[in-house]
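Contents: one structure, followed by commentary.
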Amino acid sequence: MNPVSDEHLDSVLIGGREERPIVIMEYDADWPSRFDALALTLKVAIADVALSVEHIGSTSVPGLAAKPIIDILVTVEDVANEDSYLGKLEAAGFVLRVREAGHRMMRTPQIDVHVHVFSAGSPEISNYLDIRDWLRVDDKDRSLYAMTKRNLAQQRWADMNYYAEAKTAVISEILARARLWREGRKVTGN
């Protein structure tokens, strides 16, 4: 997402800002199978336009504490071409929550699944995949990220997007190491 402000959120959130407690729980071994079932639903719904469907976010990293929300990355040719996927995802039970340049986010009515839709080639795709894959192999950054999330979850947030933005510095630090690792270079500083 772009830098968060009330004005920005009011322009991109469908349904307005939501104040909800942030709950971080220990890793649940059922999260991958939940993703698998959801991925099948998504692939059936938008088989003609989905270029990829990936499990991202903390629930995709074994051993990482997380909000119990399955994050999914769907890549399509052109995210702005909503006619090619939006109605199909709505028919599959997902509700549009975020509409911003280059990104759509849909979720379940139970708010336990977030489907992030990006155009092929969007830099966010490699960011999500690099950090996911790095956290799967690096204990130190996985612990750093879990500690950061737990500390921030103790605060009150006017919207979950403010909590997400508060993690930006740590995520940027971890992502820098993830990129070095992805390039096969030596990782230092963790």
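Observations
- Flag if T168 is open to solvent by less than 50 Å² (accessible area, probe 1.4 Å), hydroxyl-bearing (S, T, Y) and closer than 20 Å to L13 by Cβ: no
- Here the condition is being closer than 27 Å to D10 by Cβ, surrounded by 14 or more Cβ atoms within 10 Å (Cβ to Cβ), in contact with a strand residue (DSSP E or B) (Cβ under 6 Å, 6 or more places away or on another chain) and of a type in the set (A, V, I, L, M); of L73, L86, L42, it holds for L73 alone.
- Among the residues of the stretch 110-131, not a single one is in a helix (DSSP H, G or I), more than 22 Å from V12 (Cβ to Cβ) and in contact with a Gly (Cβ under 7 Å, 6 or more places away or on another chain).
- Scope the stretch 48-69; condition touching a strand residue (DSSP E or B) at 6+ places or on another chain (Cβ under 7 Å) and either in a loop (DSSP other than H, G, I, E, B) or among the aromatic types (F, W, Y) (or both); matching residues: V49, A50, L51, G57, A65, P68, I69
- Considering the stretch 123-143, and only residues there that are basic (K, R) and surrounded by fewer than 18 Cβ atoms within 10 Å (Cβ to Cβ), the residue that is farthest from H55 (Cα to Cα) turns out to be K140.
- When we screen V113, V187 for residues that are modelled with pLDDT under 95 and in contact with a Lys or Arg (Cβ under 7 Å, 6 or more places away or on another chain), the only hit is V187.
The values are calculated or read from the model by the stated rules, or taken from the named source; none is laboratory data. Values in this document were obtained by computation on a predicted structure and should not be read as measured data. When we count neighbours, we look across all protein chains shown, and the Cβ atoms used for this are built from the backbone with ideal geometry, even at glycine. Note: accessible area is taken over every heavy atom of the protein model, side chains too, but ligands, DNA and RNA are not part of it. Shrake-Rupley method; radii C 1.70, N 1.55, O 1.52, S 1.80 Å.
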